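See structure below.
The values are calculated or read from the model by the stated rules, or taken from the named source; none is laboratory data. The structure presented is a predicted model; accordingly, all values stated were derived computationally and were not measured. All Cβ positions, even for glycine, are placed from backbone atoms using ideal geometry, and neighbour counts span all protein chains on display.
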Amino acid sequence: MIEAVADRLEGAPRQLRRRWSEEFKAQVVTEVLEPGASVSAIARRIGIHPSQLFAWRRDARAERRYRSRHSSCEGVVASAAGAVIEIAIGEVVVRAGIDVDEAHLQRVIRAVRSA
């Protein structure tokens, strides 16, 4: 019995997979987001497929939405000083007694975040 196994598929590129730095991706995505910019032209210029550049743009937009949605939560700090809990959510500080009901505190925090 003779078994033949191809080293690579016919037509497959011979080069190794390229890795792009996050800085390079950010720079290219910034260029793509300029008014009147052509994703296909920019992708052709740097030697990648346009779908790759569209994916980078989609990921950057998703990251930006995530950060803007959670930016008010960046300053969430809880400290138990004595019998008072202080929670800073953005510019709002919620102070509650240490014996406050957890469900009630969650409702208050949700209300502050949605305001």
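For the stretch 1-58, a residue qualifies if it is modelled with pLDDT under 85 and either polar (S, T, N, Q) or part of a helix (DSSP H, G or I) (or both), and exactly one does: Gln15.
Identify the residue in the stretch 17-38 that is among the basic types (Lys, Arg) and within 14 Å of Trp56 (Cα to Cα) and, among all such residues, is surrounded by the fewest Cβ atoms within 10 Å (Cβ to Cβ). Steps first, please.
Going through the stretch 17-38, the residues among the basic types (Lys, Arg) turn out to be 17-19, 25.
Then keep just the ones that are within 14 Å of Trp56 (Cα to Cα); that gives 19, 25.
Working: Arg19: 6, Lys25: 17.
Restricting to residues being among the basic types (Lys, Arg) and within 14 Å of Trp56 (Cα to Cα), the top hit is Arg19.
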